[in-house]
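Participant: For reference, the structure I am asking about is given below.
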Amino acid sequence: MELYIGDRARRRIFVHAGVVGWNGRAILVPGRSGSGKSSLVKALVEAGASYYSDEFAVLDERGRVHPYTIPLSIRPGGDGAARTKYRAEEIGGVVGTHPLPVGLVMITRWVRGGQFRPRPLSAGRAVLELLANTLPARRRPERVLDTLTQVAAQAVVLRGSRGEAVKAAGQILGSDLFRPSPERNAATAFTG
């Protein structure tokens with residue numbers, strides 16, 4: 001049912017992604033099932049970000065993300081394990097209630113023992129990465145591309161594998177990307 005609604009929604013674009021809010025902007029973590037996006041969203045919420053979604057980034061025509069607050073669904077033991085569902089409040093989090101502009105798109109996947117050193121993507125590559133996770137891409141390509149282009153234009157987009165979610169979450173929320181500064185630089189935000 002969720003896939004049907006996501007594909008047919010007239011006023012929203014559904015991207016398969018986890019979403020949190022931080023300092024008035026959204027962090028999108030697009031990815032397929034098994035990529036580790038739910039674990040990263042959970043770690044971000046536990047670190048203080050507000051919970052928006054574990055399943056879909058629901059985008060409006062301005063590229064803002066709206067809450068889609070179904071419970072987080074985590075596979076604690078890996079791909080074959082049964083999922084455990086968490087409400088944001090159960091893990092010490094709060095639920096976002098208002099639409100947010102996208103500040104960061106983090107294209108990442110979990111790799112055992114991986115180091116988190118993401119690199120910036122161009123706006124064009126960012127749109128292609130988001131498009132690969134967008135439900136109504138074939139049904140409404142013009143509207144989807146317009147919305148995704150808007151997101152890529154307003155956000156920093158980074159790609160890179162990561163190790164443990166808790167460590168990556170700390171790096172993301174503690175990075176220069178969310179400090180208001182004219183010197184903000186995506187290329188150096190995760191060094192050190």
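Participant: Could I get the Rg over Rh figure for the stretch 36-110? Both from C-alpha atoms, Rh via Kirkwood, rounded to two places.
Facilitator: On the Cα set of the stretch 36-110, Rg over Rh gives 0.97.
Participant: Please sort by residue number the trypsin sites (Lys or Arg not before Pro) in the stretch 74-178 whose DSSP state is loop and whose Cβ has at most 13 other Cβ atoms within 10 Å. Spell out each step's value before the answer.
Facilitator: Values: sites: ARG83, LYS85, ARG87, ARG109, ARG112, ARG125, ARG138, ARG139, ARG143, ARG159, ARG162, LYS167; in loops: ARG83, ARG87, ARG109, ARG112, ARG138, ARG139.
Those satisfying the criteria are ARG83, ARG87, ARG112, ARG138, ARG139.
Participant: Would you mind ranking GLU90, GLU142, GLU129, GLU55 so that the residue whose beta carbon has the fewest other beta carbons within 10 Å leads the list? Don't skip to the end; give the middle numbers.
Facilitator: Working: GLU90 10, GLU142 7, GLU129 18, GLU55 22.
So the ranking, lowest neighbour count to highest, is GLU142, GLU90, GLU129, GLU55.
Participant: Separate question: Give me the net charge of THR149's neighbourhood, meaning all other residues with Cβ under 15 Å from the Cβ of THR149; Lys, Arg count +1, Asp, Glu -1.
Facilitator: 0
Participant: Still on this structure, I have one more. Classify the stretch 2-177 as rounded, prolate or oblate from the Cα gyration tensor: take a ≥ b ≥ c as the square roots of its eigenvalues, call it rounded if a/c is under 1.5, otherwise prolate when a/b beats b/c and oblate if not.
Facilitator: rounded
Computed from the coordinates by the stated procedures, all read-outs in this text should not be read as laboratory data. Predicted model, so just to flag it, every value in this text is computed and none were measured. Positions of Cβ are generated from backbone atoms using ideal geometry, with glycine treated the same way; all protein chains shown enter the neighbour counts.
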